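The structure appears right after this line, and notes come after that.
The values are calculated or read from the model by the stated rules, or taken from the named source; none is laboratory data. Quick caveat, the model's predicted, so the values are computed rather than measured. Cβ atoms come from the backbone with ideal geometry, glycine included; neighbour counts cover every protein chain shown. Keep in mind that these areas ignore ligands, DNA and RNA; they rest on the heavy atoms of the full protein, side chains included. Shrake-Rupley method; radii C 1.70, N 1.55, O 1.52, S 1.80 Å.
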Amino acid sequence: MSVLGLIDAALGRKEKAIQEARRASEMLPISKDAVEGAPLISKLALVYAWTNEPDLAFRELTISVEIPGGVHYGELQLDPAWDPLREDPRFGALLAELAPKE
C-alpha cells in the first residue's frame, strides 16, 4: 500500500496517494511491528513531501528519525527523493540535528 502511495504521488494523484500511504502505516504501526512499521512512516513522509504537504511530512519525519530503521542522516542528505523539502528551513534544522558530531 505504501508503494502504491508513492506511485500515486509521483503521478499527481494526491488524495489517493495520501490515503494509501496513511492506510499502510495504520495497518502496520510501529507499535505492532517496529521492523516493518518504520519504513512505512518514512514512505508516508515522502508521500506528504511529494504531494506538497510539508507540515505533515515534517511531522512524520520527526517520528521517523527517532526510531530504529527510520530515515537517517545520509538518506536525508543525499537522496533526491527529499528534494521537495530541501528549501524549508526545518529540513536544514533536522539535518543539523542529525549530523554526525565531531
Could you list all residues from the stretch 13-43 that are closer than 18 Å to P80 by Cβ and not in a helix (DSSP H, G or I)?
none
Do any residues in the stretch 1-19 that are farther than 9 Å from W50 by Cβ have Cβ atoms under 6 Å from those of residues that are basic (K, R), where the two are at least six apart or on different chains, and which pairs are they?
M1/R23; S2/K43; D8/K16
Considering every residue within the stretch 70-82, establish whether at least one is over 15 Å from G5 (Cβ atoms), in a loop (DSSP other than H, G, I, E, B), in contact with a helix residue (DSSP H, G or I) (Cβ under 7 Å, 6 or more places away or on another chain) and open to solvent by less than 20 Å² (accessible area, probe 1.4 Å).
yes
For R23, indicate whether it is of a type in the set (D, E, K, R), touching a residue at least 12 places away in the same chain (Cβ under 8 Å) and under 30 Å from K101 (Cβ atoms).
no
Starting from residues that are open to solvent by 40 Å² or more (accessible area, probe 1.4 Å) and in a loop (DSSP other than H, G, I, E, B), keep the ones in the stretch 44-66 and report whichever is farthest from I18 (Cα to Cα).
E66
